1. With respect to Leu744, determine if the residue is outside any helix (DSSP H, G or I), under 30 Å from Tyr644 (Cα atoms), open to solvent by less than 30 Å² (accessible area, probe 1.4 Å) and not acidic (Asp, Glu).
2. Being buried (at least 20 other Cβ atoms within 10 Å of the Cβ) and hydroxyl-bearing (Ser, Thr, Tyr) is the requirement here; does Thr501 meet it?
3. For a quick check of your reading of the model, give me the residue pairs whose first member lies in segment 166-181 and is in contact (Cβ under 8 Å) with a residue 60 or more places away in the chain, whose second is part of a helix (DSSP H, G or I) and among the hydrophobic types (A, V, I, L, M, F, W, C), with beta-carbon atoms closer than 8 Å and at least 6 apart or on different chains.
4. For segment 627-653, name all the residues that are modelled with pLDDT of 95 or more and among the polar types (S, T, N, Q).
5. Output the strands (runs of 3 or more DSSP E) that fall wholly within segment 549-626 and possess 3 or more residues being touching a residue at least 24 places away in the same chain (Cβ under 8 Å) and more than 27 Å from Ala485 (Cβ to Cβ), or say none.
6. Is it the case that Leu545 is open to solvent by 40 Å² or more (accessible area, probe 1.4 Å), on the phi < 0 side of the Ramachandran plot, of a type outside the set (D, E, K, R) and in contact with a Ser or Thr (Cβ under 9 Å, 6 or more places away or on another chain)?
7. For segment 127-137, give me each residue that is open to solvent by 20 Å² or more (accessible area, probe 1.4 Å) and of a type outside the set (D, E, K, R).
Amino acid sequence: MALLTFNLEYHTTWGQQVYLCGSTPELGQYDEEKALPLLLDGDRWSGSVKMMATDTLRYYYMIRQGNSTIRREWGEHRRLHVIKGRREYVVQDHWNDKPYHAYLYSSAFTGSIFFHRKEPLPMKYYSRSLLLNVICPFADRNQVVALCGDGELMGGWDPVKAVALTCVNDGEWQLLLDASLLPDTSEYKFIIMDRKKGEVVHWEEGANRVLDATVARQAGTVAVEMSIHYRYPGFTFKGTGTAVPLFSLKTEQSFGIGDFADLRKMIDWASETHQQLIQLLPVNDTTTTKTWKDSYPYSAISIYALHPIYLGCSDYPLKKKQKSRKYLAEAAALNRRKEIDYEQVLQLKTAYTRDLYLEIGQEVLSSDSFESFFEKNRPWLFPYACYSILRDRFGTANFREWNHYAVYNETKLKEMQETDPQAAEEMRYWYFVQYLLHQQFSSVKEYAHERGVTLKGDIPIGISRDSIDAWNAPDLFNMDTQSGAPPDDFSFFGQNWGFPTYNWQAMEEEGFAWWINRFRKMADYFDAYRIDHILGFFRIWEIPLHAVQGLLGHFSPALPYWPEEINRAGIPFDEERMVKPFIHEQFLTDIFGEYAEEVKSRYLDVTGWQRFCLKPFCDTQRKIKQLFEDMQDEKSVRLRDGLYSLCTEVLFVRDPFDQNRFHPRITAQYSYSYRFLDDQVKESFNRMYNDFFYHRHNYFWREQAMRKLPVLISSTPMLVCGEDLGMVPDCVPSVMQELQMLSLEIERMPKNPDLRFTNLEWLPYHSVCTTSTHDMSPIRSWWLENREVTQQYYNEVLHHEGMAPQECTPALCHEIITAHLRSSAMWVILPWQDWMSLDAQLRNPDASAERINIPANPEHYWRYRMHLSIEELLEETAFNQQVARMSHRV
């Protein structure tokens, strides 16, 4: 038996008790009701316990008050070997709080940027041992923590002779000393050293530490100082990366679209230019129509399945040479195109994987590796394969049209598999494709780790209405509505994504398992992720199914007004006037011009003096869209858009859950309905509007987010970033700061409405700074969009005199990018197009061709491609050295 004594310095208030809980029976075997209570002496808590030798004792401290645990230590449990023959262990502990630098424990750092090979804990001790356990997450992959201090054993204060510690866990280092060779006391410090150069990178701050070896020098004793925190209060990591869609990559082996094999060469370029991160758009399967409309990466049919179009065929050459040459010739032709031909690429890759399956499918599916993959992923693989078969058989992804398969029924689907040989073979094909994708992407992640690069993914806020998730878990979604975003800089009319909204109550009742599983699958391939539209976890913009634009939406959940509240606010509430479209003779000509009379006679009914309502066949935007579905002439477009606008001529939107409550219509001040109010009512409406959208919900929405986000982000070790652009409630920054989620900061989209441009020197440290996103114009295109804004930026931000140049020259792009790289943000992640803007020879000759998406167009074709191959880019030594110098942020 060994005697273990634990000591902890911790200040408690009256009624609080410190407990020790761990892996052995003496410490409760993680049952906190059986944890060991410690005794208090001043601020020193201590307790002793006898136990048998154990390979690894794991333990942690917690605070209880009454019958409740009110606090636990942050991070992984402490570990200590208790070995036979050691009579006594004396452990001095330090409480572990969540540090400001908690992001360093994310897999973005521990698995890549700050990766260290882990060594086992010491299995043997000296007869008199002193074990130092140090918490230091600050050493990157090329550095090591060492001890330097008095005496020969500690290097005599010569860093060259300093004693290196061993990395035993993420951010945790240990050193075992022979206490018989130590004086009673000695002074020392920890340092961080460059492994290759042998130079000191950092001496820890503060006074010298004192090493007391008196206890350790007793025979048979192991003195342990656990969780010594390396002192580095001024540490800041500043990283650099590139944002580029996977489909946009181009190599000499591409099949007309970027894929997982191409990503390796992109990783090479990132490593060559001393960048630490590559950010991608979503890579999940979006196949519903098999047309270019499936190019939209945010409308996935599965939150798990990878898109078959991203399989790098170059990794899987066909054995039949003649057929292989034919495919390669077609691929080369597609690869020469400036933009992606989505439909041709999909057809080519589908045919290729079909032939590949015939060649190696049986061998792959009989392998142990596949069996392991299938068992782990069976819950989503089976419905995915069934969905793919039925989508192709019925010629539609709308599962509501699949007859007796319209409602997901696993028994019926298994019966199909067992009785239909063709279906069974098709299922094996889809399993085969997903397995190859998984193997390839997983190996690319490992390759990125080897090169010191982190892959950052993107989690869309929505799912396709015709997705597998909507098919087999419909209770988790509100299928009778659609999500989007209110009007913002991206779209005056708001955005309508068409996705169903989430049934958060149902999701919470099952412990958010759907989200947790989604995040964990993401962690198979990424070490960081961006939550698309993080505001959706606070509240989502919910739009009725009959609407096409986003203007008739409302926030959900929300606290809409009762009619009595509206009246008390100074607005004489009238449903007929304020909830139904207000259509008046006076403004019809403004909207329809010469077609006003035709509109009155064909589309409107008279309701009173100079007042109209829309006829029943065109009284919603959805009906209007169907009327003009195939008409694109100038007159039809004007009539359609004008009728759309009449539908939005309301001041309040009825709440769908409580028909007697109402939401102010977003941007109602731009409507004719608002202009026809008298000035006093306008002022009252403005006060109510501002209160509703900017104050009324702050605590309520914070509460909504805190019920979801802590559970979800703690489910994986990935680094979390939130896209917090648009109409941001005041409660969002505080929640993101509390959870240490990185915000997104863009110079031309300031979050302070009083500013035209964000001050890059005052960005929050926990943030990602970028010049633009996939929804925005890159630097060069933006420069051409609005001459007045460009001129202001040129004079006030870049501090140049005179007229701004017509074009954003390489020199100006260098100024802009340098300013971003000098920002106070933790990360600067720039679009690939903006990196290329630095060089007159490498930039795309056509700046307008660099745009990835136009959010105002819900039917945008996502087909942007690099204008040069990554191989060509890797040969540009001078340019790459320039980027490498700029990437070294200070």
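The values are calculated or read from the model by the stated rules, or taken from the named source; none is laboratory data. Please read all numbers here as calculations on a predicted model, not as lab measurements. Glycine also receives a Cβ, built like all others from the backbone with ideal geometry; neighbour counts cover every protein chain displayed. Protein only, heavy atoms only, side chains kept; ligands, DNA and RNA dropped before computing areas. Shrake-Rupley method; radii C 1.70, N 1.55, O 1.52, S 1.80 Å.
1. Values: outside any helix (DSSP H, G or I): yes; under 30 Å from Tyr644 (Cα atoms): no; open to solvent by less than 30 Å² (accessible area, probe 1.4 Å): yes; not acidic (Asp, Glu): yes.
So Leu744 does not fit the description; no.
2. On the way: buried (at least 20 other Cβ atoms within 10 Å of the Cβ): yes; hydroxyl-bearing (Ser, Thr, Tyr): yes.
For Thr501, the condition - buried (at least 20 other Cβ atoms within 10 Å of the Cβ) and hydroxyl-bearing (Ser, Thr, Tyr) - is met.
3. Close Cβ pairs (under 8 Å, with a partner that is part of a helix (DSSP H, G or I) and among the hydrophobic types (A, V, I, L, M, F, W, C)) amount to Gly171/Leu104.
4. If the condition is that a residue be modelled with pLDDT of 95 or more and among the polar types (S, T, N, Q), then Ser645, Thr648 are the ones that fit.
5. Details: elements: 554-556, 604-608, 611-614.
Here the list reads 611-614.
6. On the way: open to solvent by 40 Å² or more (accessible area, probe 1.4 Å): yes; on the phi < 0 side of the Ramachandran plot: yes; of a type outside the set (D, E, K, R): yes; in contact with a Ser or Thr (Cβ under 9 Å, 6 or more places away or on another chain): yes.
So Leu545 passes the test.
7. Pass one, segment 127-137, residues open to solvent by 20 Å² or more (accessible area, probe 1.4 Å): 127-128, 135.
Answer for segment 127-137, where residues must be open to solvent by 20 Å² or more (accessible area, probe 1.4 Å) and of a type outside the set (D, E, K, R): Ser127, Ile135.
A quick yes/no check of all residues on (1) modelled with pLDDT under 95; (2) under 30 Å from Leu104 (Cα atoms); (3) in contact with a Pro (Cβ under 9 Å, 6 or more places away or on another chain):
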{"site": "Phe492", "(1), (2), (3)": "yes, no, no"}
{"site": "Phe499", "(1), (2), (3)": "yes, no, yes"}
{"site": "Ala506", "(1), (2), (3)": "no, no, no"}
{"site": "Phe512", "(1), (2), (3)": "no, yes, no"}
{"site": "Ile516", "(1), (2), (3)": "no, yes, no"}
{"site": "Tyr529", "(1), (2), (3)": "no, yes, no"}
{"site": "Ile543", "(1), (2), (3)": "no, no, no"}
